[in-house]
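Peer 1: Take this structure first; my questions come after.
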Amino acid sequence: MAEMTEEQRKAYEEKLKNMSPEELKQFQKQQCIFCQIIAGKIPSKKVYEDDKCIAVLDINPAAKGHVLLLPKEHYAIMPQVPEKEIAHLTVVSKYLSQIVLKVLRASGTSIFIANGFAAGQKAQHFMIHLIPRKEGDNLLPIQEKLITREMQEKVAGAVINRLNAVLGVKTPPPKETIAPPPAEDKEESAIEEKPQPPHPPIKSPTLAPTPSQPSSQPASQPMPPPEKKKKKPAPEEEEEAEEDQRKENVSLDDIANLFK
Amino acid sequence: MKCEYCEIVEGMEKYAVLFQDEQVMIVVKDLIVTPGQITIFPKEHFTILEMVPDAILEKCSTLANKVSMAIFESLGSHGTNILIQNGLGAGQKVPHFAIEVIPRIENDNLPLQWPPKQLMDDDMDTAHLMIKQEGDKLIGIGTKKEKKEATPEKKEEPKKVVEDKDGKKNYLLKSIKRLP
């Protein structure tokens, strides 16, 4: 964007205010370099296209084969993208990742979304980065550290209310009124999340047992230990057999086997 | 040796569990990039992204989007990164597919970035060709396309063949004359 005089800027703002939503949308598209690429007005190295999205090579890549996966529709930030499109984009990125691993013989791929300026989002058009990786390439050099149990639960307590609201999880009424508690003393334990019929639920007894947590949710389970042991019945042998089967079916064992 | 996430699914209490249903779990792990990081993973064991069935992957991704929104609003973050470390080369530590949602604030100096490079034209071209060749083979991912064939046209052809035998191409006129 070239620098404007004050007068020009005022005129510009006036113009924007007077635009209808559709006009504004058109205007955004014209300003967006990626919309121009999608429209074919700017040349690009396209590697995949369908009716909802397009994948091109990044011209300033992190590594050879760095792919940008973009929805054809213009969405500036992730919350604007409809759920179905996010789902579609993620599935496409899976297949593209498979291709990149195969043709470039990478030992991994990073699927990365930058959501917001503070997160490193550079363009005003939502996109997924698909970066071929190899050990020691020093891209996205994150370092993980251990946090205490207390800290985990603090985070959980801070987020749980909002998360439940966003997920549409109905929080059960506090303590007393929970219908026939299956057994024991833990009255709350039964209905923590959505009704989970057959599955012996792993309660989240870990959630905010500490009285310091403000959550009034019965998500706060006071009792930790006894519950989980009920889960153990899941026969480990079966799971191992299933795992083996899965491994046989997989064509990307090279990567999977690196973990052994 | 059991996978750590599978152990959590089975009931080991190493992580704080935020949500679970029959297919997925959302947890706060102990080994993280920054406090506030939340992890989503399918209960069923899939080592890497490519092994995850489409339906489960779609579910995980929409949940990741929702977790991201929840983080924005409850932790006061300025942004979020959504990251899949797919494979050892990408820094995957646990051999079980997962999506990380990482809260960001300005100037937090988290190294979730990379130096952009200028590759030689040759390199770019070869990468383009190789990936595009395979990319073009991907058809109908997650979409249902209906094919409609133009059957009316096929019906007209036999008529033309028959009429031509008469040596006259004015079959249309003839058909008009036949009309009552």
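Peer 1: Would you tell me the mean number of C-beta atoms belonging to other protein chains that fall within 10 Å of each C-beta in A:81-94, as a whole number?
Peer 2: Mean partner shielding for this stretch: 6.
Peer 1: Under the rule of at least 5 residues apart or a separate chain, name every residue whose amide H is placed under 5 Å from the amide H of A:Arg133.
Peer 2: Distant-sequence amide H within range of A:Arg133: A:Ser107, A:Gly108, A:Thr109, A:Ser110.
Peer 1: Shielding by partners for B:103-114, please: the mean number of other protein chain Cβ atoms within 10 Å of each residue's Cβ.
Peer 2: Per residue, the average neighbour count from other chains is 6.
Peer 1: Between region B:6-65 and region A:39-91, how far is it from one alpha carbon centroid to the other, in angstrom?
Peer 2: Result: 25 Å between the Cα centres.
Peer 1: Also, quick follow-up: Counting Lys +1, Arg +1, Asp -1, Glu -1, what net charge surrounds A:Val92 among other residues with beta carbon under 9 Å of its beta carbon?
Peer 2: Surrounding charge for A:Val92 is +1.
Peer 1: Right, next: I need the shape label for region A:34-173. Rule: rounded when a/c is under 1.5, else prolate if a/b > b/c, else oblate, with a, b, c from the alpha carbon gyration tensor.
Peer 2: Verdict is oblate for region A:34-173.
Peer 1: Could I have the simple spin-label model distance between A:Lys52 and B:Asp122, label points 7 Å from Cα toward Cβ, reported in nm to one decimal?
Peer 2: Calculated label separation equals 4.0 nm.
Peer 1: Here is a follow-up. Could you sort out which of A:Lys64/B:Lys14; A:Lys72/B:Lys137; A:Lys84/B:Lys14; A:Lys72/B:Lys66; A:Lys64/B:Lys137 sit more than 30 Å apart by Cα distance in this structure?
Peer 2: As for pairs spanning more than 30 Å Cα to Cα, those are A:Lys64/B:Lys14; A:Lys84/B:Lys14.
Peer 1: Identify, among A:Thr109, A:Cys53, A:His88, the residue whose Cα sits farthest towards the positive end of the charge dipole of region A:46-133, taking +1 on the Cβ of Lys and Arg and -1 on the Cβ of Asp and Glu, with the dipole about the Cα centre.
Peer 2: Sorting the options by dipole projection puts first A:Thr109.
Peer 1: Moving on to the next point. Tell me which residues come under 5 Å, amide H to amide H, from A:Glu73 once H is placed; ignore anything under 5 positions away on its chain.
Peer 2: none
Peer 1: Rounded, prolate or oblate: which one fits region B:4-104, using the alpha carbon gyration tensor with axes a ≥ b ≥ c (rounded when a/c is under 1.5, else prolate when a/b beats b/c, else oblate)?
Peer 2: Cα axes put region B:4-104 in the rounded bin.
Peer 1: Could you pull out every residue, at least 5 positions away or on a different chain, whose amide H is within less than 5 Å of the one on A:Tyr48? Hs are placed 1.01 Å off N in the peptide plane, and Pro or chain starts have none.
Peer 2: Residues meeting the criterion, in which the H sits 1.01 Å from N, are A:Ala55.
Coordinate-derived values only; no laboratory data. Here the structure is a predicted model, which is why all the values come from computation and not from measurement. Virtual Cβ from ideal backbone geometry, glycine too; neighbours counted across all protein chains shown.
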